[in-house]
1. What number of residues in segment 48-93 are surrounded by fewer than 16 Cβ atoms within 10 Å (Cβ to Cβ), over 27 Å from Asp109 (Cβ atoms) and of a type outside the set (Gly, Ala, Ser)?
2. Check off (1) under 21 Å from Trp48 (Cβ atoms); (2) in a helix (DSSP H, G or I); (3) free of Cβ contacts under 8 Å to residues at least 60 places away in the same chain for Arg104 and give me the number that stays unchecked.
3. Would you be able to tell me the number of residues in segment 15-34 that are closer than 28 Å to Lys122 by Cα, modelled with pLDDT under 90 and among the small types (Gly, Ala, Ser)?
4. For segment 119-154, which positions are surrounded by fewer than 18 Cβ atoms within 10 Å (Cβ to Cβ) and outside any helix (DSSP H, G or I)?
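The values are calculated or read from the model by the stated rules, or taken from the named source; none is laboratory data. Values in this document were obtained by computation on a predicted structure and should not be read as measured data. A quick note on method: Cβ atoms are made from the backbone with ideal geometry, for glycine too, and the neighbour counts reach across all protein chains shown.
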Amino acid sequence: MNDDQIIKFIKQEFPDSPIPKSVLKEGASQNLYDGVDATDELLKNKKWNEVNLNSAKNDFWHCFTIMSNQAFEYYFPAFLKHFIYEKKPNTLLLDAFLDVINPRNAINDERLEFFLNFDEKKEKIVFLFLEAILKRRNSKLAKEALEDYWDKFS
């Protein structure tokens, strides 16, 4: 499957509504976490397929630890789409994303459940995404995510 076909598959399988009311997890503040303002500014009140991750600030890679679970689930396809299209992505952001899509590294039970509850099509999307990343770069994190979980959906 080529990149355009993967993007089309992502758009078909991930709904663009409802937009989460809150992007940040409860208690997230700039005093406690880097990237709070950048995360809120970039994502709040936007549909996932309209988010422009090219405008993300340097501290945005912290977003995965400060996003609410609902926001993570909703904006998940925006990251897939971005890293498929972007040939020279922000490596901090890409590595942080590759780390969190490995269910072995889930930061809480709800994030783990998000992946474990994927239907076959969404599992296939993540597999295709990781394959596409590995074709472009030698990524230890992408390889680990495939080997630890996602390669069974090939």
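1. Number of matching residues: 11.
2. So Arg104 meets the others, but not (1).
3. Result for segment 15-34: 1.
4. Asp119, Arg137, Asn138, Ser139, Ser154
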